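Have a look at the structure below, then the notes.
Quick note: the coordinates plus some simple rules give every number you see, no bench work behind them. Everything numeric here is computed off the predicted structure, so don't read it as measured data. Using ideal geometry, Cβ is built from the backbone for each residue, glycine included, and neighbour counts are taken over all protein chains shown.
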Amino acid sequence: QVQLVESGGGLVQAGGSLRLSCAASGRTFGIYTMGWFRQAPGKEREFGAAISGSGGRTVYADSVKGRFTISRDNAKNTVYLQMTSLKPEDTAVYYCAASRYGSRWDYMSAYGYWGQGTQVTVSS
């Protein structure tokens, strides 16, 4: 069982930056692929970024590539999402998720554990 708690969301102006954190419970954090998804009002939840258990491999959605960076600190059981050059269309609730066996990291179905989400609002 993994429990995930996101933090770091807030209100930021377009062009600004935010860093989201996701703290995980448990002593086996390093075996999970971790992902960040987001859901804007009236839209489906979409993939943002994912990172392998060791941190050696990352995957990004085209919409965030070059602006967002996912990283993890397994000693702290925490995954991060550094967001830069934020745009109003990045406004959404951001969720972190953990996957033990999923092979398609961009699919919600690969993830068995989800946090409650943190709101990010980008003003124009």
Self-check item: Two-site label geometry, residue 61 and residue 104: point separation in nm, points 7 Å out along Cα→Cβ
Solution: 1.5
Quiz item: What is the packing order of peptides 20-30, 6-16, taking the mean over residues of other C-beta atoms within 10 Å and listing the highest first?
Solution: 20-30, 6-16
Quiz item: Which lysines does residue 65 reach when only Cα atoms under 19 Å apart count, and residues fewer than 8 places away in its own chain are ignored?
Solution: 87
Quiz prompt | Set of region 67-94 residues, backbone N closer than 18 Å to the point 7 Å along the Cα-Cβ line of residue 5 | solution = 73-81, 94
Self-check item: Estimated inter-spin distance, residue 123 and residue 13, nm [label 7 Å along Cα→Cβ]
Solution: 0.9
Exercise. Report the FRET efficiency, 1/(1 + (r/R0)^6), for residue 23 and residue 87, where r is their Cβ-Cβ distance and R0 is 30 Å, rounded to 0.05.
Key: 0.65
